[in-house]
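Notes for the one structure printed next.
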Amino acid sequence: MPLPPLDPAAQAHSDRLRQLIHAVIADAGGAIPFSRFMELALYAPGLGYYSAGSTKFGRAGDFVTAPELGSLFAECVAEALAPPLRTVGEGAVFLEIGGGSGAFAEAAILHLDALGAMPARYAILEPSADLRERQRERLRERLPEALNARVEWLDRPLGEEEWSGVLFANEVIDALPTPRFVIRGGEVREEGVASAGDGFRVVEVPADALMEAAVRHVERDLGVPFADGYRSELLPQLPYWIQAVMGRMQSGAMLFIDYGHPRREYYAPTRDRGTLRAFHRHHVVDDVFARVGLQDITASVDFTALAEAGTGAGFEFAGYNSQAAFLIGNGLQQRLEAQEARASNDTARFALRRQVQQLTLPSAMGERFQAMGFERGVPFEAAFLGGDLSFRL
Ligand SMILES: C[S@@+](CC[C@H](N)C(=O)[O-])C[C@H]1O[C@@H](n2cnc3c(N)ncnc32)[C@H](O)[C@@H]1O
């Protein structure tokens, strides 16, 4: 199916962002790392994909995330996170990273409240001012005042403040600006972006020491060097990002859900062009330089790297599931039955069944999306009893 044409306002918006990126490239002497290009394309203030006002989420946007399908996903996550919240007790904080449209927060808060596990503070760390505003509006309209009053927004991590509770991120790590590497004559090179007329082209620059060390670490772990010309993504900054978002968390649980693979599959010899792709109006777009600012750019998550980063930050590994196993292990059937009992007609019941299929079928989100958890001084392993994937890490 061909992509729909851009309207003139969208085209003008994209042109402004392209000009900004061309100026940044010129200031940098002709090339910027790919991660810097991705950062500008997604997060340049007022112009980047996540910073500006396009619809993005849901059927009218570019992609559908699990919380956008309905409230079953958020209710199961709330079921999983209620025990650690109860163990932390009074003063617990729920820290949601990257709140999207606010759909997750709305459903999770209502269900945590129903479970008697809603903490006094629900903080949403959201770098996009536009999304913060949309989340605020949605929760103000849809939550009872007493619950809405417990929600706060952060534009940066909690910093030096000591806190305990739970940290949750769905489809956030895939949106972190990622560097790309390529192997040339046994050397690690980093991909950069240069201007090419109105558009952009890939150039190669020497990798810095952090990137080189991170690629060599992956090769050692895999037991074989990458073949010449092998190209992929790698997030050397992931451990620092985890430590930044957790801040001075004393005790609690962390849960990450995203699409990705264990390292051995991520860096399989056949996946020699990486996992980077773009989304526009529900189409997968291979050209990440097209429609700058109007399409999402994303790379899959290396779950082995996430396990290393979480345990490196001083947490115990709690478990690793497919999304399907995680949701089923955290009450999906019971949540479905509860919602079906309240559904007013067959159309609503059919929609609920369809939601379950999209969340769990291997051909939809069930296997491609995976959940990984960490704990510190709280019980969280029980949330992963639905099916263990950790032998693949
Ligand atoms: C693909 S959306 C997912 C939104 C939501 N979690 C969902 O599942 O619908 C990515 C979200 O992460 C946010 N984000 C991106 N980089 C971030 C960062 N460094 N820290 C926190 N949030 C970030 C984006 O602004 C956006 O809200």
| Extent of the stretch 14-133 along each principal axis, from alpha carbon coordinates, in Å, largest to smallest? | 56, 31, 22
| Over the heavy atoms of Arg349, what accessible area does a 1.4 Å probe trace out, to the nearest 10 Å²? | 80 Å²
| message | Per residue, how big is the convex hull of the stretch 1-77 when only Cα atoms are used? Give it in Å³. | response | 145 Å³
| said: Defining a contact as two alpha carbons under 8 Å apart and six or more residues distant in sequence, what relative contact order in percent does the chain show? | reply: 19 percent
| remark: Residues meeting the amide H criterion for Gly260 (H placed from the backbone, H to H distance under 5 Å, 5 or more places apart or on another chain) are Val301, Gln370
| field | Hypothetical label at Leu222: residues of the stretch 269-305 whose amide nitrogen lies under 18 Å (7 Å Cα-Cβ projection) | value | 269-277, 299-305
| query | Can you list the HN-Hα couplings for the stretch 40-49, worked out from phi with the Karplus curve (6.51, -1.76, 1.60; θ = phi - 60°), rounded to whole Hz and with x for Gly and Pro? | reply | 5, 4, 9, 10, 4, x, x, 10, x, 3
| field | Principal axes of the chain: Cα extent on each, largest first, Å | value | 58, 51, 42
| Can you run phi through the Karplus equation (6.51, -1.76, 1.60; θ = phi - 60°) for the stretch 116-122 and list ³J(HN,Hα) in whole Hz, with x for Gly and Pro? | x, 10, 6, x, 5, 10, 10
| Could you give the nm distance between label points at Leu115 and Ala213, where each point is 7 Å from its Cα heading toward the beta carbon? | 3.9 nm
| request: Please turn the phi angles of the stretch 166-178 into ³J(HN,Hα) values with the Karplus equation 6.51 cos²θ - 1.76 cosθ + 1.60 (θ = phi - 60°), one per residue in order, whole Hz, x for glycine and proline. | output: 10, 10, 9, 9, 10, 6, 10, 5, 5, 9, 6, x, 9
| task | Leaving out ligands and nucleic acids, note down the accessible area per residue over the chain with a 1.4 angstrom probe, in whole Å². | result | 42 Å²
| task | Compute the whole-percent fraction of alpha carbon pairs in the stretch 147-218 spaced more than 17 Å apart. | result | 67 percent
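The values are calculated or read from the model by the stated rules, or taken from the named source; none is laboratory data. Note that the coordinates shown come from a computational prediction; the quantities given were computed from them, not determined experimentally. Neighbour counts are summed over all protein chains in view; Cβ atoms, including those assigned to glycine, are modelled from backbone coordinates with ideal geometry. When the accessible area is computed, the model is the full protein with side chains, heavy atoms only, and any ligands, DNA or RNA have been set aside. Shrake-Rupley method; radii C 1.70, N 1.55, O 1.52, S 1.80 Å.
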